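The numbers here are math on the coordinates, done by the rules we state, and not lab data. From a predicted model like this one, the values you see are computed outputs, not experimental measurements. When we count neighbours, we look across all protein chains shown, and the Cβ atoms used for this are built from the backbone with ideal geometry, even at glycine.
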Amino acid sequence: MAVIFVLTLSFLCCFFQEASAYPIEENKALPLNVHLVAHSHDDVGWLKNVDEYYYGAKNDIQHAAVQYIISTVVEELSKNKDRKFIYVEIAFFVRWWNEQTDDVKQQVHELVKSGQLEFINGGWSMNDEATVHYNGMIDQMSFGLRFLSNTFGIRPVVGWQIDPFGHTAFQATAFSLIGFDSMFFARNDYADKARRLNTSEMEMIWKSSQSLGDIADIFTGVLYHHYSPPPGFCYDSFCSDPPIQDDENLFDDNVKERVNDFIALALEQAKHFKTNNIMMTMGSDFQYENAQEWFKNLDKLIKYVNMNGSVNVMYSTPSIYVSYINKETQLTWTTKTDDFVPYADAPHNYWSGFFTSRPALKGYVRQCNAHLQACKQLEAIHNGMGDNGPSSVKLQKAMGLALHHDAITGTEKQVVADDYAKRLHIGEVECRSVMATVLNDLAAKGANAPKMNLSFCEYLNISVCPVTEGGDFNMVVYNSLARPYTGVVRLPIIKDTLSVTDPDGNAVTVQIVPIDNSTRLLAISSNDTAELVAVFEVDVPPMGYAIYTAKTTGTLDYTQRSSVNVQKSNDDTVISNKYYKVEFDAESGHLKMITNLVSSISSTVDQNYYCTVDYLLHSLDNVHLLTLEYLDKSTILLRLDHQFESDDPKEWSAPASVKLSDLFVAFKIKEVTELGLGGNVALSDIKRLQWKTVEGQTVPSPMNLPPVTAPDFTVSLSPMMIRTFNVTVDFSGDANLQYNSYDKML
């Protein structure tokens, strides 16, 4: 019998004599510190796909080759211990790292240890903030951060969202819970930036969560020159700015001019900042492919400006910059409480179309996130898939790429969007293998369990599923939620004589609905012959599965045949069956009237769209099992989050407690260690920098959360809190599952 599976749910100059040669008015007692941050912003897809950007393919589209950027940067950093560079996109770095010799890897380890090479942000990509789901955002950050922790034993402390098109409060909250001291971005509304420049509020404390309070506060800065070098000081191969020419034997010496220009720019920038420190980003998109050109000119710039003495220039990083600012303890900072979206870069130039562009890709990313969570859960419950088995890693990597700010947003070329979708599909296929293997193994332990050859219905969106169109079948419904799920399943069928029974053998009411002609035209092969859809309700236990059996023969007492008519009336669209008629307005597409054909009662509808939460679906459960992920044979990564705000109704916003010892059946919990949200550092090791606000507060508050101790391992959650744990588990002995029925809680 066939079985299908359904899942619910960014100089040396001859004229240079002494400092007084270039007089610039400045406070000599406290010279301005100018922090030069060498960086390259490397999109993991945009005009070219991620592979093409890495290797330097199709440079006729855009010249960019990330492998040479990282290689030449490492080479140049090793020549001068004063040089520094930051890197962000871990998806690119991991590719490069895996190609290197042991000698090069040791060289990189030394650069990281010395602080010359510093990783900032640390996610697989620089994710968008407006169109992503928070689960995916956390996952992709965690995936990159754990690589850095496992490989170098480090953790980034600065968020670097320099290119996303607007910024949301949850991104700031996430960075706070990860343990970052600060975050920086480049794109904020032109009017907001103008006001902040005039009031010296380019840096602030972002109070990102009313529910979490001060623990979510984070020092936030807006970059002055976007994320580009100051005008006239770009030294990349593709820039046309003059290099620093300091050979006394030549006639084109420009040291005096370059030094004066730079100091003037620095002093102008300093007018808009509160401290004696400013940061200048020295780099931009896919720069440093010839890192020698950049660093040789920066070395000269630093040397000659510092000889002038008007300002103090240094190689730096955002974390060093923040540490300098933090020492100015007499300062207080204004606060920000809402989002930085929508983003406009000029009057009437709102970057909001990406909220809805490429909806198919947006939908597919969301679908793949749901599948990834189920895949990781089953992988964890199975205690991994062995060294050579399928895994969730490909889909995790593909999801990390797809959440990039030029991916899910839809701002990439179509061919690049196709590439993201292809990678997601490849990862999804491997995850299906994980899920099929685990569910087969679990079901095989059950009494009288049928042998299952699991297939997946990939084309239910066009009412195509070969398995259900070919006769009798069993259907496995998996629920990745930590609460019971009741929902409706739609399956294409051929015969209207279908009957369905639940895991206990009870008949289930089935409604048979004809497939409309427009949908039938979407069939992908001549073998897709379904003309009907069977619709029925399923009930699935928390993080568990249920098997439903469907037969094309037998009693039809619980099967109902429905007919649906679609017609145009005065240009409005009308959909009806023998019970109801529903009318949609031709101009707006909104629902305008519903008529009960049995009682002849009509109701007009004024349709508007709101963001709502269906409380009935959640029962009394206000906690979500956000992550259950296999790390190794004895360790699982676990995240729980409180799903409601503090100002939601009391029955939902009340603090919650979860006893972990009673939560899982598949394994016994031996030890629990709480981590930061990124899953890369113990919470007890996070000590964040403190700041004073204009309101008199010292923030952020320490994350002194209630301890989680044996034997119950009870986790307390306040509204909107997300807590992350390394859980040491035991799958042996009494911890083994007892599979006496197919729908056991996992």
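Taken as Cα centroids, segment 333-392 and segment 169-241 sit 21 Å apart, rounded to the nearest whole angstrom.
Each stretch of four or more DSSP H residues adds -39500 (n - 2.57); spread over every residue of the chain, this sum gives -8500 deg cm²/dmol at 222 nm. Taking the Cα centre of the chain as reference, the dipole from Cβ charges on Lys and Arg (+1) and Asp and Glu (-1) amounts to some 1140 debye. Set against the labelled values [x] 13, 37, 29, 14, 5, 1, 0; [y] 15, 43, 30, 10, 2, 0; [z] 12, 25, 20, 15, 14, 9, 4, 1, P(r) over Cα pairs in 20 Å bins from 0, in percent computed from this structure falls on [y].
For segment 288-368, the fraction of C-alpha pairs farther apart than 23 angstrom is 63 percent.
For segment 380-535, the gyration tensor built on C-alpha atoms gives an oblate shape. Its axis ratio a/c (a ≥ b ≥ c) is at least 1.5, and a/b is not larger than b/c.
Computed from Cα atoms alone, the Kirkwood hydrodynamic radius reported for segment 495-551 is 13.3 Å. The distance linking segment 94-108 with segment 488-547 is 52 Å (Cα centroid to Cα centroid, whole angstrom). In terms of its alpha-carbon gyration tensor, segment 255-328 comes out oblate; a/c meets the 1.5 threshold, while b/c is at least as large as a/b. Report, in listed order, any pair from LYS81/LYS274; LYS633/LYS670; LYS79/LYS687; LYS376/LYS413; LYS84/LYS397 with a Cα-Cα distance greater than 24 Å. Table pairs above 24 Å Cα-Cα are LYS81/LYS274; LYS79/LYS687; LYS376/LYS413; LYS84/LYS397.
Here's the list of aspartates and glutamates a cross-link from LYS271 could span, going by alpha-carbon distance under 19 Å and ignoring same-chain residues fewer than 8 apart: GLU25, GLU26, ASP192, GLU201, GLU203, ASP261, GLU328.
Taking the DSSP beta bridges with both ends in the chain, the antiparallel portion is around 70 percent. The lysines whose alpha-carbon is closer than 16 Å to the alpha-carbon of LYS256, local same-chain residues fewer than 8 away aside, are LYS300, LYS303. The separation of segment 50-86 from segment 691-724, counted between C-alpha centres, amounts to 40 Å. Simple spin-label estimate for GLU537 and TRP97 gives 5.0 nm between the two label positions (7 Å along the Cα-to-Cβ direction from each Cα).
Structure note, pairs LYS336/LYS692; LYS58/LYS394; LYS207/LYS362: Cα-Cα distances above 20 angstrom occur for LYS58/LYS394; LYS207/LYS362. An oblate overall shape is assigned to segment 325-445, the ratio a/c of its alpha-carbon gyration tensor axes (a ≥ b ≥ c) being 1.5 or greater and a/b not exceeding b/c.
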